[in-house]
Amino acid sequence: MLKKILVLSIGLLFLTGISPIEKTELREGEITAESLNVRTGPGVEYPVINSLSKGDRLRVLGSLGGDWLVILMPDDSVGTVSGEYVQVEEPVEPEQPAATDETPDDPEIYEGSAPEEEAEEPEELAVPDDERLFSLVNEFRVNFGLVPYKWDDRLNSIAALKAEDMADNKYFSHDSPIYGTPFAMLRSMGVFYKTASENLARTTGVQEAFNKMAGNLAHRSNLVSKRYTNMGTAVIDDSETPGKKLIVLLFTEV
């Protein structure tokens, strides 16, 4: 049930009553209680959506409300549990290279040679917003030891079509009046997949969009999913709101 909720609710970038999660390095954890309820929020008043048993393994995405942990379970579903009953393992620090007192060989000096003219540094080419967003997501994944998403030209084209559709038809929603749900749109475009998901954002730029997605429970679960393999991105100007961008990310497991 949680898988269905997660895929269909891939929330827009607005939280309802729950503060943004406090992000930490992705860590492994193990359940210490005989049975532990997984809830939709940080407190016993939130509905139970799953249950874990002693010894079950999970990934800790961050914390909510102090003592509650946001977790990614083995089936890629997301929820919150009381941190009192989870033994969290600290991330392993990378080994530092051994110090050495060896000094490098003196460079060869050719007396009388004319000094080389300082080469002009080439101008940096601007990276398109969609490529920059793709890189930000994959750098985020690599930091957590996850496999980067594959660049997918077809998903990029469909994401751009969805962004343009939102701009042209003046809406901001997963459901398009023209193409229907993201899943129906993918199928109508000939994309075959096992599972799929969509993130949407309307922000001033790519970095702000990424930061908000990384701090939002549903969006973050897509960024660090072990299920999806491919990702498409699109970033266009929002014609309705000057200074804003419409951003679409599509994820598929193929």
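Can you give the net charge of the other residues whose Cβ lies under 15 Å from the Cβ of Tyr171, counting K and R as +1 and D and E as -1?
Once all neighbours under 15 Å are counted, the net charge is -3.
Once R0 is set to 45 Å, what does the formula 1/(1 + (r/R0)^6) return for the Cβ-Cβ distance between Glu253 and Val44, expressed as a FRET efficiency to the nearest 0.05? Intermediate results must be reported in sequence, preceding the final value.
Numbers: r = 34 Å, r/R0 = 0.75.
Calculated transfer efficiency: 0.85.
Set the Förster radius R0 to 51 Å, insert the Cβ-Cβ distance between Thr241 and Thr32 as r into 1/(1 + (r/R0)^6), and round the FRET efficiency to 0.05. Walk me through the intermediate numbers first.
On the way: r = 49 Å, r/R0 = 0.95.
Efficiency, from the Cβ-Cβ distance: 0.55.
With respect to the cross-link table entries Lys194/Lys244; Lys150/Lys170; Lys162/Lys226; Lys162/Lys245; Lys150/Lys226; Lys54/Lys194, which display a Cα-Cα separation exceeding 23 Å? Before the final figure, lay out each step's value.
Numbers: Lys194/Lys244 33 Å; Lys150/Lys170 31 Å; Lys162/Lys226 25 Å; Lys162/Lys245 13 Å; Lys150/Lys226 13 Å; Lys54/Lys194 31 Å.
Beyond 23 Å: Lys194/Lys244; Lys150/Lys170; Lys162/Lys226; Lys54/Lys194.
Round to the nearest 0.05 the FRET efficiency obtained for Arg154 and Asp56 when R0 = 30 Å and r is the Cβ-Cβ distance.
About 0.20, to the nearest 0.05.
Taking 0.36 nm per residue of separation and subtracting the Cα-Cα distance, what length does fully extending Gln87 through Tyr171 add?
Full extension from Gln87 to Tyr171 adds 25.8 nm.
Expressed in nm to one decimal, what extension gain is obtained for the pair Thr195 and Glu131 from 0.36 nm per residue of sequence separation less their Cα-Cα distance?
Contour length minus Cα-Cα distance gives 20.7 nm.
Using only the Cα atoms of the range 129-254, what semi-axes does the equivalent ellipsoid have when each is the square root of 5 times a gyration tensor eigenvalue? Give whole Å, largest first.
Semi-axes (√(5λ), whole Å): 21, 18, 11.
So for the pair Ala184, Gln207, with labels modelled 7 Å out along Cα→Cβ, what separation do we get in nm?
3.9 nm
None of the figures in this text is laboratory data; all of them are computed from the coordinates on show. None of these values were measured; they are calculated from a predicted model. Please note: Cβ atoms are built from the backbone with ideal geometry, for glycine as well, and neighbour counts cover all protein chains shown.
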